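Heads up, the thing below is written out as structure tokens.
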Amino acid sequence: MRTEPIFRGVATALITPLCESGIDFDAFGRVIDWQIEQGINALVIAGTTGEGSTLTDEEHREAIRFSVERTAGRVPIIAGTGSNDTAYAIDLSRYACEAGADALLVVTPYYNKATQKGLITMYTAIADASTKPLILYNVPSRTGVGIEPSTYLALADHPNIAAIKEANGNISKIVETAALVGDKLDIYSGNDDQVVPILSVGGQGVISVLSNIMPAQTVEMCDRWFRGDAAGAAALQKEYLPLMNALFSEVNPIPVKAAMAAMGWCENYVRLPLTPMEEDHWQKLRALMAAQGLL
């Protein structure tokens, strides 16, 4: 039984501010500081929202190193180190551990996918090589392969496998997983629109896209739940749902990058194959942001 989660509440799946020449580290530092000032509980670096799949190897490592140094222990840093090449994932995970990351977020292999036996073997190999805890990241809509509840159970006793970021969208499967793994693995929502439902079956919080633009408000949603105010948490879940949906009206992180740019945090720059947000989608997102006082 694990006594301390990697974090409790909200970890922002942080954007990586980019420009034509690479990572804008000045903007990156300002965003990190603002997130912490707003009360965020942890930061995920170079994950899906951070465009980890199109960062060069050098940029990926620099983003992790910079975030650890800038944060200076104020909140946990969770480094995205997953890959469809297990050897590369192991190498990047070792680097993140040495650079001072507090945990690793490891996505299922995309494109080449894997059997459930392959997932168990892959995650065991990465966990064996790591000195920090792993969060297993299940997002079958993006990778083409999902982690079954029985596979979580098979991995749950590894000392370096600590938690799950569950973005399969299937609440029944998530409840089944919670029932199987019990206190062996912490569960985090990987979808902003399912935070309170997952908290209700014992989840520890969310790895959030919404909290890029609304860190304090997203933290408050979880805090209400942890204070015993289930109705208050549910009210915020429902209030923010249209904005959550708008942030996924195009492939993440296209909308949240546009939103952060409009708030003055970064350039509206995403790398191909991602492209800037379509105007009709942006106008809808902009109106919802304005209604929340973000613009």
Exercise. With segment 211-280 as the region, which helices (runs of 4 or more DSSP H) entirely inside it contain at least 2 residues that are among the β-branched types (Val, Ile, Thr)?
Worked result: 215-226, 254-262
Exercise. Of the conditions (1) among the small types (Gly, Ala, Ser); (2) open to solvent by 30 Å² or more (accessible area, probe 1.4 Å); (3) closer than 19 Å to Gln217 by Cβ, Ala72 fails just one. Which one is it?
Worked result: (3)
Exercise. Out of segment 228-248, which residues are open to solvent by 60 Å² or more (accessible area, probe 1.4 Å) and either modelled with pLDDT under 95 or farther than 18 Å from Val201 by Cβ (or both)?
Worked result: Lys238, Glu239, Leu241, Pro242, Asn245, Phe248
Exercise. In segment 139-173, what count of residues is obtained for those that are open to solvent by 60 Å² or more (accessible area, probe 1.4 Å) and of a type in the set (Lys, Arg)?
Worked result: 2
Exercise. With respect to Ala216, is the statement that it is at pLDDT 95 or above and either of a type in the set (S, T, N, Q) or surrounded by fewer than 20 Cβ atoms within 10 Å (Cβ to Cβ) (or both) true?
Worked result: yes
Seminar exercise, completed: Only unsatisfied item for Leu241, checking (1) within 21 Å of the chain's Cα centre (by Cα); (2) closer than 27 Å to Gly29 by Cβ, is (2)
For this session: Check segment 248-261 and report whether any residue there is of a type in the set (Lys, Arg), in contact (Cβ under 8 Å) with a residue 40 or more places away in the chain and on the phi < 0 side of the Ramachandran plot.
Result: yes
Seminar exercise, completed: Of all helices (runs of 4 or more DSSP H) fully inside segment 46-163, the set with 1 or more residues that are within 16 Å of the chain's Cα centre (by Cα), hydrophobic (A, V, I, L, M, F, W, C) and farther than 14 Å from Ile6 by Cβ is 57-71
Exercise. Any idea which of (1) free of Cβ contacts under 8 Å to residues at least 12 places away in the same chain; (2) over 27 Å from Ile15 (Cα atoms) is the one Asp183 doesn't satisfy?
Worked result: (1)
Problem set entry | Residue in segment 124-133 that is open to solvent by 10 Å² or more (accessible area, probe 1.4 Å) and without any contact (Cβ under 8 Å) to a residue 24 or more places away in the chain present | no
Problem set entry | Evaluation of Gly169 against (1) part of a helix (DSSP H, G or I); (2) modelled with pLDDT under 95 (one fails), failing number | (1)
For this session: Output the residue which, of all residues in segment 21-56 that are over 24 Å from Val251 (Cβ atoms) and of a type in the set (D, E, K, R), is least open to solvent (accessible area, probe 1.4 Å).
Result: Asp33
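The values are calculated or read from the model by the stated rules, or taken from the named source; none is laboratory data. Computed from a predicted structure; not experimentally measured. Cβ: placed from backbone, ideal geometry, glycine included. Neighbour counts: every protein chain shown. These accessible areas exclude ligands, DNA and RNA; they are computed on the full protein's heavy atoms, side chains included. Shrake-Rupley method; radii C 1.70, N 1.55, O 1.52, S 1.80 Å.
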